[in-house]
Amino acid sequence: GTYNRHLLATGLTADTQPVTLAIATEQLSIPANMLRHERTRKGGAVESADLVILWPSREGYSDEMVDAFREGTPNAPVIYATITARDGAMDATARLDAVYARFFTGKALPAPEGLTARALADNSGYGGEIVYFVPDAPRPFVARCLSVATPEVPATCLRDINIGRSLSLLYRFNRDLLPDWKALDAAMRELGESFIVR
């Protein structure tokens, strides 16, 4: 019936049973309806886990919300996240001074809610991207966003944070959510830590 068709359309399940995964040295328990791929929902040791999370409820997929999860709705309030083993110690925050600041070009751009925005030079490997950050904070929020949105591709932002002892959580969100950055970052950090079996 329609249920199966929706499932095929999204590859997601409405089942909220926690799935136990191992990534690097850590055990995680993540509700099945947040996991994007069927193979990950089988549990066990994986290289990475791809998640899909509805904002602001922080829930996974449900049949009521099928429209929000359909691929190709640029303004869907969905956050995509990937949990992997940490690749070096630098998260987005650490890269602000170590990497991004060297490539800032032009003047500061308008940015919401206490953030500063700077374009990255074309020769940086991040051409066409803007870094949004909190200036002069000890552990600032830092996200890298596409500067141009098209009808097919929203202006997406990326941020990664370290969670657990050895994991990284990369999350991808619509630039329209930037005014909510404080709540968003706190929620993603809390959610990421909540998956870790201690």
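The values are calculated or read from the model by the stated rules, or taken from the named source; none is laboratory data. Small disclaimer: the values here were computed from a predicted structure and weren't measured. Cβ sites come from the backbone with ideal geometry, for glycine too, and all protein chains shown count toward neighbours. Side chains included, ligands, DNA and RNA excluded: accessible areas come from the protein's heavy atoms. Shrake-Rupley method; radii C 1.70, N 1.55, O 1.52, S 1.80 Å.
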| remark: For Val19, other-chain or 5+-apart residues with amide H closer than 5 Å (H placed, Pro excluded) are Ile30, Ala32
| message | With +1 assigned to the C-beta of every Lys and Arg and -1 to the C-beta of every Asp and Glu, and no other charges, what is the dipole magnitude of the chain about the Cα centre in debye, to the nearest 20? | response | 360
| request: Note down the accessible area of Arg58, probe 1.4 Å, to the nearest 10 Å². | output: 80
| query | Can you work out ³J(HN,Hα) from phi for every residue in the range 29-42, in order, using Karplus 6.51 cos²θ - 1.76 cosθ + 1.60 and θ = phi - 60°, giving whole Hz and x for Gly and Pro? | reply | 10, 10, x, 4, 6, 9, 8, 6, 10, 4, 4, 5, 5, 6
| said: Can you give the FRET efficiency to the nearest 0.05 for Arg198 and Leu158, using r as the Cβ-Cβ distance and R₀ = 30 Å? | reply: 0.65
| message | How much length would be gained if the chain were fully extended between Ala24 and Ser57, taking 0.36 nm per residue of separation minus their Cα-Cα distance, in nm to one decimal? | response | 9.0 nm
| request: Considering the options Leu35, Phe173, Ala121, tell which one lies farthest towards the positive end of the dipole of the chain, charges being +1 on Lys and Arg and -1 on Asp and Glu at the Cβ, about the Cα centre. | output: Ala121
| How about the range 134-198: which GluC sites (Glu not before Pro) there lie in a loop by DSSP and see at most 13 other Cβ atoms within 10 Å? | Glu152
| request: Go ahead and set up a Gaussian network model of the chain, Cα springs under 10 Å, then flag whichever of Pro138, Pro179, Pro112 fluctuates most. | output: Pro138
| remark: Whole-Å distance linking the alpha carbon centroid of the range 144-198 with that of the range 90-131 is 16
| Gaussian network model of the chain, Cα springs within a sub-10 Å range: biggest mean-square fluctuation belongs to which of Ala22, Ala137, Ala121? | Ala137
| said: Which of Asp160, Asp136, Asp91 ends up with the largest GNM mean-square fluctuation for the chain, with Cα atoms connected below 10 Å? | reply: Asp136
| query | Going by accessible area, probe 1.4 Å, with all protein chains left in place, what is the ranking of Val52, Val148, largest first? | reply | Val148, Val52
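Quick check: convex hull over the Cα atoms of the range 57-127, volume per residue in Å³, rounded to an integer?
Cα-based convex hull of the range 57-127, divided per residue, equals 174 Å³.
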| For the chain, what is the calculated [θ] at 222 nm in deg cm²/dmol (nearest 500), taking -39500 (n - 2.57) for each run of four or more DSSP H residues and dividing by its residue count? | -5000 deg cm²/dmol
| Residues with amide H under 5 Å of Val134's amide H, sequence separation 5 or more or different chain, H placed in the peptide plane at 1.01 Å from N; which? | Thr116, Phe141
